[in-house]
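Please read the structure below before turning to the comments.
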Amino acid sequence: MEEGAQLCEAARNGDTEKLKALILAGADVTYFDGEGLNPLMHAAKLGHADAVTALLEAGAPWNALSPSNLSAGDFAMEAGHEDAYDILLNAGIQAELVLGTIARREKKDGDSDGDYLEDRVSFSEDKLMDSNCKAVMMAWEHPLMEAHAKAVCSGGGHILNIGFGMGLVDTAIQKYSPASHTIVEAHPEVYQRMIRTGWAQKDNVNIIFGRWQDVLPQLKSYDGIFFDTYGEYYEDLREFHQHLPVLLKPGGIYSFFNGLCGGNAFFHVVYCHLVSLELQNLGYSTQFIPLPVKDCLGDEVWEGVKQKYWQLDTYYLPVCQSVDDTE
Ligand SMILES: C[S@@+](CC[C@H](N)C(=O)[O-])C[C@H]1O[C@@H](n2cnc3c(N)ncnc32)[C@H](O)[C@@H]1O
């Protein structure tokens, strides 16, 4: 039997001594067997926590995927193997923290949404699409946007929304008659549509056209903030969070569209932990409210859309508050 296959077998048997000996002899921990599974997945599937640790310590990637797009963490989660799951979760968080630091060092002047903002978009009743047939915003998110609006408007006062899209969250925010409602939107066509549809005429609405990164000096401080952009990455969201101490008033509520890794259940958990850890370092506590979304997401929803950006049954709506307010 070749070394890779022996590793898989030792992982399945939870034979950590054998695993370590094979690794020491140079066996490849990134090996995939004929079913597309690697040793880490085999160990996770059967809940062999020590074997999971030994493989991770030998450099097995926590985030490798099987042909059905499942990671070792997904296998541990599905089978209810808590110890193996916790070890993989921790490995995922640590790895992403380190990778984030490296990415920030390498990319000091990032402009991740440059292309999208220069391209055409198209509107239909149920979606807003970019020029590559990727969905910028879709109507199925309507109940989620209602819930986000409710959360950020719960204290009344002055509300800020970053990213207008189809105006779902802004329409919901208007129902709470906030003292003021500031909307930042960077796409010229989305902005023109806002103007055409009368948003600039609303008494309490203040529209700021531009990228949030560029219009920060025009922003004040708010009682409720919602963030939902497009064509940006986790690093951009993280960057926005660095401004919360200035943008969010004491007692204020912050929320964001939690589409983080919406195609994989385990990666999503890793990123929910990561974002709440990073918010905690800034002095905010995050509560995730589970909302079932399976019923509003039939296959027909994605017809004509290039990428299913959400494939999970539950949406976790983040509600963030300063730790000082929760004590
Ligand atoms: C997902 S949509 C927002 C959907 C919105 N929450 C709703 O309820 O319809 C994202 C919006 O953010 C805008 N956007 C993208 N990058 C931005 C940036 N850097 N600053 C401000 N707006 C941005 C996009 O043009 C798009 O209209």
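The values are calculated or read from the model by the stated rules, or taken from the named source; none is laboratory data. None of these values were measured; they are calculated from a predicted model. For neighbour counting, all protein chains shown are included, and Cβ atoms are generated from backbone atoms with ideal geometry for every residue, glycine included. Remember, those area values only see protein heavy atoms, side chains included, never the ligands or the DNA or RNA. Shrake-Rupley method; radii C 1.70, N 1.55, O 1.52, S 1.80 Å.
Just for the stretch 179-192: of the residues that are open to solvent by 10 Å² or more (accessible area, probe 1.4 Å) and in contact with a His (Cβ under 9 Å, 6 or more places away or on another chain), which one is farthest from the ligand (Cβ to nearest atom)? Step through it out loud before you land on a result.
Residues of the stretch 179-192 open to solvent by 10 Å² or more (accessible area, probe 1.4 Å): 179-180, 185-186, 188-189, 191-192.
After this cut, where a residue has to be in contact with a His (Cβ under 9 Å, 6 or more places away or on another chain) as well, the list is 179-180.
On the way: A179: 21, S180: 18 Å.
The extreme case among them is A179.
Of the residues F256, F267, F288, the single one that is away from the ligand (no atom under 16 Å from the Cβ), in the same structural domain as Q213 (by TED's automatic domain parsing) and within 11 Å of the chain's Cα centre (by Cα) is F267. The residues listed here are N63, N13; of these, the one that is open to solvent by 20 Å² or more (accessible area, probe 1.4 Å), touching a residue at least 60 places away in the same chain (Cβ under 8 Å) and not assigned by TED's automatic domain parsing to the domain that holds G263 is N63.
Per the conditions (1) out of contact with any Gly (no Cβ under 7 Å at 6 or more places or on another chain); (2) open to solvent by less than 30 Å² (accessible area, probe 1.4 Å); (3) away from the ligand (no atom under 11 Å from the Cβ), the sole criterion not satisfied by D86 is (2). What are the residues in the stretch 278-327 that are within 19 Å of F226 (Cα to Cα), of a type outside the set (S, T, N, Q) and assigned to a helix (DSSP H, G or I), if any? If the condition is that a residue be within 19 Å of F226 (Cα to Cα), of a type outside the set (S, T, N, Q) and assigned to a helix (DSSP H, G or I), then E278, L279, V323, D325 are the ones that fit.
Report yes if some residue within the stretch 242-259 is of a type outside the set (S, T, Y), on the phi > 0 side of the Ramachandran plot and open to solvent by 40 Å² or more (accessible area, probe 1.4 Å); otherwise report no. Write out each step before concluding.
Step one: list which residues in the stretch 242-259 are of a type outside the set (S, T, Y), which gives 242-253, 256-259.
Narrowing further to those that are on the phi > 0 side of the Ramachandran plot: 251.
Retained after the next criterion (residues that are open to solvent by 40 Å² or more (accessible area, probe 1.4 Å)): 251.
Yes, the conditions are met somewhere in the stretch 242-259.
Are any of the residues in the stretch 96-112 farther than 30 Å from E239 by Cα and surrounded by fewer than 18 Cβ atoms within 10 Å (Cβ to Cβ)? Checked the stretch 96-112: no residue is farther than 30 Å from E239 by Cα and surrounded by fewer than 18 Cβ atoms within 10 Å (Cβ to Cβ).
Among residues belonging to the stretch 178-219 that are in a loop (DSSP other than H, G, I, E, B) and hydrophobic (A, V, I, L, M, F, W, C), point out the one that is nearest to K127 (Cα to Cα). Give the steps one after another, and end with the answer.
Taking the stretch 178-219 first, the residues in a loop (DSSP other than H, G, I, E, B) are 178-179, 186-187, 197-198, 202-204, 210-211, 219.
Filter again for hydrophobic (A, V, I, L, M, F, W, C), leaving 179, 186, 219.
On the way: A179: 29, A186: 18, L219: 29 Å.
Among those that are in a loop (DSSP other than H, G, I, E, B) and hydrophobic (A, V, I, L, M, F, W, C), it is A186.
Scanning the stretch 209-244 for residues that are more than 12 Å from the ligand (Cβ to nearest atom) and of a type in the set (A, V, I, L, M, F, W, C) yields a count of 2.
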